[in-house]
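Chemist: If you scroll down you'll find the structure; I have some questions about it.
The values are calculated or read from the model by the stated rules, or taken from the named source; none is laboratory data. Note that the coordinates shown come from a computational prediction; the quantities given were computed from them, not determined experimentally. Cβ sites come from the backbone with ideal geometry, for glycine too, and all protein chains shown count toward neighbours. Accessible surface is based on the protein model in full, side chains and every heavy atom, while ligands, DNA and RNA are left aside. Shrake-Rupley method; radii C 1.70, N 1.55, O 1.52, S 1.80 Å.
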Amino acid sequence: MNEKNGTILSVNDLKTYFQTEDGVVKAVDGITFELKRGETLGIVGESGSGKSVTNLSVMRLIPEPPGKIVNGDIIFDGVDVRKLSIEEVRKIRGKRMAMIFQDPMTSLNPYLKISTQLMEVTQLHLGHSKQQAYEHAVEMLRTVGIPAPENRIDNYPHEFSGGMRQRVMIAMALSCQPELLIADEPTTALDVTIQAQILELIKDLKKDLGTSVILITHDLGVVAGMTENIIVMYAGKVFESAPTKELFATPANPYTKGLLKSVPDPAHEEGKPLYQIPGLPPDVAHLPPGCPFAERCERAEDICEREFPPFVQINENHHSLCHFAKEVYAESINQGSTIS
Amino acid sequence: MLKFILKRLIIIIPMALLVVTLTWGLIRIAPGNFYSGEKKLPPAIEANITKKYGLDKPWYVQYGKMMWNIVQLDFGDSLKYQGQSVNEIIWRHFPYSATIGLLAYMLALLIGLSAGIIAALKQNSLFDYGSMALAMLGLSIPNFVLGPILVLVFSLWLFWVPPARWGGISSLILPVITLAAIYAAYIARLTRAGMLEVLRSDYIRTARAKGLSEKTVLLKHALRGGIIPVVSFTGPALASLLAGTVVVEKVFAIPGLGKIFIESVFNRDEPLTLGIVAFLSILIMVFNLAVDISYGFLDPRIRYE
């Protein structure tokens, strides 16, 4: 293991394309980010922006065909995951990097008992005996807050509620104390009250176990209190990346500003209609030559339609993909923070 | 569970009686009977026969008497085979059909399941296209064509196996293959479709994300859900395979139930026809019940009250 503050995951110019009847879909097109040990990175974007594909690529879970990682390095703890054989990747999956998925209703196997599904992870990776694995599974269920786990462990998934199932998924993912946890919209399919509980749980477990977390979401409210850094994705590209506080205070990209404006703020805007970014995300199979957001952008000019924008460095940790990044940043500073 | 099984078993009785009633009605609606052959019987003899078999009584009396006997599992004597009871005849011929049917069933499952699973795992590969094309062929070639072709090649040209009749294991090979072909093809396609659907599901992705090997993912996580459509097909399929198939038994001159069944219809041998119909309907209902019970074991979400 590296020193405590080392980098656990660094992704460099990742490109994952899908071959479809419609042509090549560039679901992820040149994504770069870095995650330090013990930190949480938020990946924010609308549906189809490539956030899930990015992380499935990290786990090497992209179905091939039709998908393919065509370029980039995925360095996990000093090892390029892309260069590993599938057997070597399997030794990492579930043990050192684990994933929880969006829909807990369909992500657990309906035909197998919870105990079976939990036990197989530690039996495989930690060499647990049946007895050990069973006890460990009960312990994990207790950790994620399932009451009377010894009575519930031999139930089937359909006997659990949605929130409970997501807890089971988290227990499963954390069974081997992975160094990296990827949470792909872990609360999207859950009730609002349950959402807060699950996020709190992930936060606590992360603190206790020192796990690094990638939190994928389309909800800026979710990442605000949980992450150190955020990257905003749009149409398979990183549109902005910055430390969380800075991104919320002084966004340097019109898309990020739009997203921030669409978060309801009951304190200041009661009774006013909620802002929404006009239009729909573009079809990633047929992207225009210029900025993919130009069509929906309030401040788009001719150059935005013609030329692909540069990835402008604002300061050491803050980048924005925009022709007018510096201007937008300056405006944000003048306006003062929107959300503190 | 026990209550459910008991309930379903009890329902089989009225259902079988209903099937028998409908069959009886159809036989009676058709003109003529066992005695109205080409040769006209002398009136005195005809009157004797009519009296002996109660054909002079009103239809409801005949029907009631027949049903009363059937409820006691007595189907009477065959008209054609004098002095032999229907029950005797069924039990004499059923083993032939059952042997071939059971072997064909196992062969069809073996080929169909393995071809379907491999095709699903290697979707759009040469194996996938090849086996599915073969399956389409298997589904399209009727067994009265496949049977004679097999006989021609393996019996008359190559002299590997006997062309027909019952005797020894070698004589079973061709009829079993002929019978299994269509079922194997169907099972292969069902398995492939079922497996493909399951392999795309979220919980298979979860299983892979755990680092499980493809073998574990397939056998432990995917197979159960994938073969459920196959199970619902194979229950009734087994019933009809065991009951004998007319064409194959005819082509290979096997003294099975299917052959006897058809002959009984042509002979207007009413008791024998009704007996076999009752037997088959009970067999099919029992196997359907078996399928429903096995769902409960395959899918924990299904519980019977």
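Chemist: Just give the residues from the range A:87-105 buried by at least 30 square angstrom of accessible area in the all-chains context relative to the isolated chain, probe 1.4 Å, and say none if nothing qualifies.
Modeler: Flagged in the range A:87-105: A:ARG90, A:ARG93, A:PHE101.
Chemist: In debye to the nearest 20, how big a dipole does the protein assembly as shown give about its Cα centre with +1 on each Lys and Arg Cβ and -1 on each Asp and Glu Cβ?
Modeler: Values: 61 positive and 62 negative charges, 590 e Å.
With Lys and Arg at +1 and Asp and Glu at -1, about 2840 debye.
Chemist: A follow-up question, please. Please label the shape of the protein assembly as shown as rounded, prolate or oblate, based on the square roots a ≥ b ≥ c of the eigenvalues of the alpha-carbon gyration tensor (a/c under 1.5 means rounded; beyond that, a/b larger than b/c means prolate, else oblate). Could you put the intermediate results ahead of the total?
Modeler: Working: a/c = 2.82, a/b = 2.61, b/c = 1.08.
It is prolate, given that a/c is not under 1.5 and a/b is the larger ratio.
Chemist: Going through the range B:80-135, which trypsin sites (Lys or Arg not before Pro) have at most 13 other Cβ atoms within 10 Å and a DSSP loop state? Let's see the in-between values first.
Modeler: On the way: sites: B:LYS80, B:ARG92, B:LYS122; in loops: B:LYS80, B:LYS122.
Filter output for the range B:80-135: B:LYS122.
Chemist: Amide H neighbours of A:ILE182 under 5 Å, at least 5 residues apart or on other chains, H built in the peptide plane: list them.
Modeler: Those lying under 5 Å, H to H, from A:ILE182 are A:ALA98, A:MET99, A:ILE100, A:ILE214.
Chemist: Let me ask something else. Quick query: amide H of A:GLY30 versus all other amide H atoms, modeled in the peptide plane; which residues come in under 5 Å with a sequence gap of 5 or more or a different chain?
Modeler: Those lying under 5 Å, H to H, from A:GLY30 are A:LEU14, A:LYS15, A:THR16.
Chemist: Do any trypsin sites (Lys or Arg not before Pro) in the range A:95-176 lie in a DSSP loop with no more than 11 other beta carbon atoms within 10 Å, and if so, which? Display every interim value, and only then the final one.
Modeler: Details: sites: A:LYS95, A:ARG96, A:LYS113, A:LYS130, A:ARG142, A:ARG152, A:ARG165, A:ARG167; in loops: A:LYS95, A:ARG96, A:LYS113.
Of the trypsin sites (Lys or Arg not before Pro), not one in the loops of the range A:95-176 has a Cβ with at most 11 other Cβ atoms within 10 Å.
Chemist: For the protein assembly as shown, what is the calculated [θ] at 222 nm in deg cm²/dmol (nearest 500), taking -39500 (n - 2.57) for each run of four or more DSSP H residues and dividing by its residue count? Don't skip to the answer; put the middle values down first.
Modeler: On the way: 27 runs with 331 residues, N = 645.
Helices in the protein assembly as shown give a 222 nm mean residue ellipticity of -16000 deg cm²/dmol.
Chemist: To the nearest 10 degrees, how steeply does helix A:162-174 sit against the main Cα axis of chain A, on a 0 to 90 scale?
Modeler: Taking the Cα atoms of chain A, the angle to A:162-174 is about 80 degrees.
Chemist: Let me ask you something else. Give the cross-link partners of B:LYS57 among the aspartates and glutamates, using a straight C-alpha distance below 15 Å as the criterion and excluding same-chain residues fewer than 8 apart.
Modeler: Result set, ordered by chain and number: B:GLU46.
Chemist: Between the range B:71-102 and the range A:278-340, how far is it from one alpha carbon centroid to the other, in angstrom?
Modeler: 84
Chemist: Normalising by the residue count of the range B:89-298, find the relative contact order in percent from Cα pairs under 8 Å and 6+ residues apart.
Modeler: Working: 266 pairs, mean separation 64.2, N = 210.
Here the relative contact order equals 31 percent.
Chemist: A further question follows. Could you pull out every residue, at least 5 positions away or on a different chain, whose amide H is within less than 5 Å of the one on A:LEU321? Hs are placed 1.01 Å off N in the peptide plane, and Pro or chain starts have none.
Modeler: Hits under the 5 Å cutoff: A:GLU240, A:VAL312.
Chemist: Convert each backbone phi in the range A:119-133 into a coupling constant with the Karplus relation 6.51 cos²θ - 1.76 cosθ + 1.60 (shift: θ = phi - 60°), then list the ³J(HN,Hα) values in order as whole Hz, x for Gly and Pro.
Modeler: So the Karplus estimates, Gly and Pro as x, are 5, 5, 5, 6, 4, 6, 8, 9, x, 5, 6, 4, 4, 4, 4 Hz.
Chemist: Could you work out the relative contact order of chain A? I mean the mean sequence separation of Cα pairs under 8 Å and 6+ apart, divided by the number of residues, in percent.
Modeler: Working: 647 pairs, mean separation 66.2, N = 340.
Result for chain A is 19 percent.
Chemist: Work out the mean other chain Cβ neighbour count within 10 Å for the residues of B:209-218 and drop it here as an integer. Display every interim value, and only then the final one.
Modeler: On the way: counts 16, 16, 17, 6, 4, 2, 0, 2, 0, 0.
Other-chain Cβ atoms within 10 Å of each residue's Cβ, averaged: 6.
Chemist: Another one. So which aspartates and glutamates pass the test for A:LYS15, namely a Cα distance under 18 Å, with those fewer than 8 places away in the same chain ruled out?
Modeler: By straight Cα distance, A:LYS15 reaches A:ASP29, A:GLU34, A:GLU64, A:ASP73, A:ASP80, A:GLU240, A:ASP283.
Chemist: Of all trypsin sites (Lys or Arg not before Pro) in the range A:1-83, which ones are in loop regions per DSSP and have a Cβ with at most 16 other Cβ atoms within 10 Å? Walk me through the intermediate numbers first.
Modeler: Working: sites: A:LYS4, A:LYS15, A:LYS26, A:LYS36, A:ARG37, A:LYS51, A:ARG60, A:LYS68, A:ARG82, A:LYS83; in loops: A:LYS4, A:ARG37, A:ARG60.
In loop regions of the range A:1-83 (DSSP not H, G, I, E or B), the sparsely surrounded trypsin sites (Lys or Arg not before Pro) are A:LYS4.
Chemist: To continue, here is another question. Which entries in the list A:LYS95/B:LYS210; A:LYS272/A:LYS326; B:LYS40/B:LYS250; B:LYS39/B:LYS259 go over 19 Å, if you measure between the two C-alpha atoms of each? Present the calculation step by step, with values, prior to reporting the outcome.
Modeler: Details: A:LYS95/B:LYS210 7 Å; A:LYS272/A:LYS326 30 Å; B:LYS40/B:LYS250 31 Å; B:LYS39/B:LYS259 25 Å.
Too far apart for the 19 Å limit: A:LYS272/A:LYS326; B:LYS40/B:LYS250; B:LYS39/B:LYS259.
Chemist: Can you return the lysines within cross-link range of B:LYS122? Criterion is Cα-Cα under 20 Å, with same-chain partners fewer than 8 residues away left out.
Modeler: Reachable lysines: A:LYS68, B:LYS215, B:LYS220.
Chemist: Let me ask something else. Hey, what do the phi angles of the range A:61-67 turn into as Karplus ³J(HN,Hα) couplings, whole Hz, using 6.51/-1.76/1.60 and θ = phi - 60°, x for Gly and Pro?
Modeler: For the range A:61-67, the Karplus-derived couplings read 9, 6, x, 10, x, x, x Hz, x marking Gly and Pro.
Chemist: Name the residues of the range B:285-300 whose accessible area falls by at least 40 Å² when all protein chains are present instead of the chain alone, probe 1.4 Å?
Modeler: B:PRO300
Chemist: Any idea which of B:GLY225, B:ILE260, B:LEU280 is furthest toward the positive side of the dipole for the range B:219-305, if Lys and Arg beta-carbons carry +1 and Asp and Glu beta-carbons -1?
Modeler: Farthest along the dipole direction, towards plus: B:GLY225.
Chemist: State whether chain A is rounded, prolate or oblate according to the following rule on the C-alpha gyration tensor (a ≥ b ≥ c being the square roots of its eigenvalues): a/c under 1.5 gives rounded; otherwise a/b larger than b/c gives prolate, and the remaining case gives oblate. Numbers along the way, then the final one.
Modeler: Values: a/c = 1.92, a/b = 1.56, b/c = 1.24.
Here chain A falls in the prolate category.
Chemist: When DSSP beta bridges are limited to those with both residues in the protein assembly as shown, what percentage is antiparallel, rounded to the nearest 5?
Modeler: Details: 33 of 52 bridges.
If I count the DSSP bridges inside the protein assembly as shown, around 65 percent turn out antiparallel.
Chemist: Got a number for carbon plus sulfur as a percent of the protein assembly as shown's accessible area, 1.4 Å probe? Can you show the working numbers first?
Modeler: Details: 19300 of 31700 Å².
That fraction is 61 percent.
Chemist: Would you mind getting the accessible area per residue of the range B:89-298, heavy atoms of the protein chains only, 1.4 Å probe, in Å²?
Modeler: Numbers: 9280 Å² over 210 residues.
Using a 1.4 Å probe on heavy atoms only, each residue of the range B:89-298 averages 44 Å².
Chemist: Tell me: how much accessible area in total is hidden between A and B, 1.4 Å probe, Å², nearest 100?
Modeler: Working: alone 16300 and 17530 Å², together 31700 Å².
Approximately 2100 Å² gets buried when A meets B.
Chemist: Moving on. Sort out for me the Cα centre separation of the range B:150-165 from the range A:1-62, rounded to whole Å.
Modeler: So the separation of the two Cα centres works out to 63 Å.
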